[in-house]
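Trainee: Quick one: this structure, given as structure tokens, is what I'll be asking you about.
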Amino acid sequence: MLRTPGWARTWTVLRLAMAVLLLVTIAWQAATTVSAAVANGWDMTTVLTNFFSYFTILSNLLAAVALAWAAGWAWARGRRAASEPAGLALALACATTFMIVTGVVYNALLRGLPLPGDPWTNEVLHVVGPLFLLLDLFLAPRRRRLGWSTLVVIAALPVVWAVYTLVRGPLISAPATGSPPWYPYPFLNPANFANGYGGVAVYIAIIAVVIVAVGAGVVAVGRRRGAAASVVTAPAS
């Protein structure tokens, strides 16, 4: 069923719908954040930069772009292709990994804590989106078989984000207090731990292991599905 033209069209529509939902949700949360900044007289540049410094926002933006790209490719050329182009497959692998990790971290560490945005936007960005990307991994047609070197890219992007966050944090004032530091998540703030950056390092190490493990799972599933698709299409080619 997953290789029929009807299923390909159905999943393409679902991908596009999810991309739109994620973008609308991000836009809504951004508008809410801007409104709060205006009402409280906060520095708008800092507020917007902080907003786009959340791993959740970046992961969901990547997911929306990858899903929209996949839908556009499917309608334009995908019906004549056996698998996704390599760039699209890499974007989907990264987005899937980051979204799954976002869902895991949110539900394990952050659920119940006060977070920016309305409750429904947090559920879409931390639960609905990650679940869809997980389903996309197993149900989307034309999955490409990526090499294991993909894990290097998957692991590198969060490392860059973590370094950026830890370097920037002590230099940026929290809009609500007017004084530094500002960190997007409490487990990145060394002031929350008795041993300072040692406590932060422990959390970063745990999350890094989770990212690599999830990324390996995403690549493994894609390789298995891509290999199966090659076997099915080989006689026809």
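Trainee: I'm checking my understanding of the structure. Among residues of segment 90-145 that are under 17 Å from residue 28 (Cα atoms) and out of contact with any helix residue (DSSP H, G or I) (no Cβ under 7 Å at 6 or more places or on another chain), which one is surrounded by the fewest Cβ atoms within 10 Å (Cβ to Cβ)?
Mentor: 119
Trainee: Of everything in segment 40-67, what is aromatic (Phe, Trp, Tyr) and in a helix (DSSP H, G or I)? Give them in sequence order.
Mentor: From segment 40-67, those aromatic (Phe, Trp, Tyr) are 42, 51-52, 54-55; that's our starting set.
Listed by number, the residues that qualify are 51, 55.
Trainee: Related question: Can you find a residue in segment 190-211 that is under 26 Å from residue 40 (Cβ atoms) and buried (at least 17 other Cβ atoms within 10 Å of the Cβ)?
Mentor: In the first step, residues of segment 190-211 are kept if they are under 26 Å from residue 40 (Cβ atoms); the result is 191-192.
Retained after the next criterion (residues that are buried (at least 17 other Cβ atoms within 10 Å of the Cβ)): none.
No - not one qualifying residue is present in segment 190-211.
Trainee: Something else: With the requirement that a residue be among the hydrophobic types (A, V, I, L, M, F, W, C), touching a helix residue (DSSP H, G or I) at 6+ places or on another chain (Cβ under 9 Å) and within 26 Å of residue 133 (Cα to Cα), what does segment 189-214 give you?
Mentor: Within segment 189-214, 204, 207, 208, 210, 211, 212, 214 meet the criteria.
Trainee: Test residue 10 against the stated conditions and say whether it is in contact with a helix residue (DSSP H, G or I) (Cβ under 9 Å, 6 or more places away or on another chain), at pLDDT below 95 and either more than 24 Å from residue 208 (Cα to Cα) or buried (at least 21 other Cβ atoms within 10 Å of the Cβ) (or both).
Mentor: Details: in contact with a helix residue (DSSP H, G or I) (Cβ under 9 Å, 6 or more places away or on another chain): no; at pLDDT below 95: yes; either more than 24 Å from residue 208 (Cα to Cα) or buried (at least 21 other Cβ atoms within 10 Å of the Cβ) (or both): yes.
Answer is no for this residue.
Trainee: Next question. Could you run through segment 92-106 and say how many residues are modelled with pLDDT under 95 and among the small types (Gly, Ala, Ser)?
Mentor: Count: 1.
Trainee: Report whether or not residue 11 is under 20 Å from the mean Cα position of the chain (by Cα), more than 30 Å from residue 82 (Cα to Cα) and part of a helix (DSSP H, G or I).
Mentor: Details: under 20 Å from the mean Cα position of the chain (by Cα): yes; more than 30 Å from residue 82 (Cα to Cα): no; part of a helix (DSSP H, G or I): yes.
The answer is no for residue 11.
The values are calculated or read from the model by the stated rules, or taken from the named source; none is laboratory data. Given the structure is predicted, the values throughout are model-derived calculations rather than measurements. Glycine gets a Cβ as well: all are built from the backbone with ideal geometry, and neighbour counts include every protein chain shown.
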